[in-house]
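Worksheet: one structure, shown below.
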Amino acid sequence: MVAAYALSPIDLIPDFIPVLGYLDDLLIVPLGIMAAVKLIPPDVMRDLRTQALDKGKPKSTIGLVIVAAIWLAGIFLTAWFVWPDAARWWAGR
């Protein structure tokens, strides 16, 4: 339920209202997550934490390469549009 509220385009207080619009997200979502965690029985939580520790941290080299390529492309395109004469300047060095 908390995830549905966090991802929903409908808010309790609309985001365009200064300060209050984001304040409900900053309060309701963490409180909802805390409530959901409290509802999980302790033995189930203990088992889930043990399973998470046994698996270790996930690693994705391909994901890293894809994200890095997207960032580099974004930086390059931003520089290209902000500074269109960069190619001529670089070629004249």
Q: For every helix of n ≥ 4 consecutive DSSP H residues, a contribution of -39,500 (n - 2.57) applies; sum these over the chain, divide by its total residues, and give [θ] at 222 nm rounded to the nearest 500 deg cm²/dmol.
A: -23500 deg cm²/dmol
**Q.** Degrees between helix 61-82 axis and first principal axis of the chain (Cα, 0 to 90, nearest 10)
**A.** 50 degrees
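Say R0 is 41 Å: what FRET efficiency, to the nearest 0.05, do residue 75 and residue 1 get from their beta-carbon distance?
The formula returns an efficiency of 0.60 here.
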Q: With a point put 7 Å past each Cα toward its Cβ, work out how far residue 31 is from residue 46 in nm, to one decimal.
A: 3.1 nm
Q: Using only the Cα atoms of the stretch 32-71, construct the convex hull and provide its projected area averaged over every direction, in square nanometres to one decimal.
A: 4.5 nm²
Q) For residue 10, what is the net charge nearby, where nearby means another residue's Cβ is under 15 Å from its Cβ and Lys, Arg count +1, Asp, Glu -1? A) -4
Q. Within straight cross-link reach of residue 55, meaning Cα distance under 17 Å, which aspartates and glutamates are found once same-chain residues fewer than 8 apart are removed?
A. 47
(Q) How tilted is helix 20-39 with respect to the longest principal axis of the chain? Cα atoms for both, answer in degrees (0 to 90, nearest 10). (A) 50 degrees
Q) In units of 2.2 N^0.38 Å, what is the alpha-carbon radius of gyration of the chain? A) 1.84
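Bear in mind these aren't lab numbers, they're just calculated from the coordinates by the rules spelled out. What you see is a predicted model, and the numbers here were worked out from it, not measured in a lab. Heads up, the Cβs are rebuilt from the backbone with ideal geometry, glycines too, and the neighbour counts pull from every protein chain shown.
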